[in-house]
Amino acid sequence: MEFEDVVPFDHAGGDYALYRAPDGSFYATEGHCTHERARLCDGLVMGSIIECPRHNGRFDYRTGEAKGAPAIIDLRTYRTRVDDGTVYVFID
């Protein structure tokens with residue numbers, strides 16, 4: 001799987017974001033900002049931070065922690081695993 005930084009994906013009616021970190025590991029979060037529901041895949045990735053495209057709220061995509069106002073509610077994160085080049089996301 002090849003892409004830069006973040007891509008969206010849908011599953012069972014939900015929107016999610018899949019990130020590839022600079023070290024090649026993968027992370028997944030809910031797909032919208034917790035502030036005003038902007039699509040995070042349209043945002044800017046800087047290291048381990050995703051910046052919302054609407055109001056520049058920031059989150060650490062590895063932990064979901066809100067790192068910059070106006071975002072104050074953490075993102076939900078999901079465990080990932082890579083097996084034979086396929087990325088699996090474990091959605092609760």
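Working out 0.36 nm times the residue gap between Asp42 and His11, then minus their Cα-Cα distance, what length gain in nm do you get to one decimal?
Full extension from Asp42 to His11 adds 9.3 nm.
What is the distance, in nm, between label points placed 7 Å from the Cα along the Cα-to-Cβ direction at Arg81 and at Arg54?
3.5 nm
Could you line up Ile50, Ile72 from fewest to most neighbouring Cβ atoms inside 10 Å?
Result, fewest neighbours first: Ile72, Ile50.
Sort the following peptides by mean Cβ neighbour count (other Cβ atoms within 10 Å, averaged over residues), highest first: 57-64, 36-43.
Ranked from most to least packed, the peptides come out as 57-64, 36-43.
Distances longer than 15 Å among the Cα atoms of the chain: what percent of all pairs is that?
Within the chain, distances greater than 15 Å cover 53 percent of Cα pairs.
Asp23 to Val89: extension gain in nm, 0.36 nm per residue of separation minus the Cα-Cα distance?
In short, 21.9 nm is gained.
Bear in mind that the values in this text are calculations on the coordinates, not laboratory data. Because the structure is a prediction, the values reported are computed rather than measured. All Cβ positions, glycine included, derive from the backbone under ideal geometry; neighbour counts span all protein chains shown.
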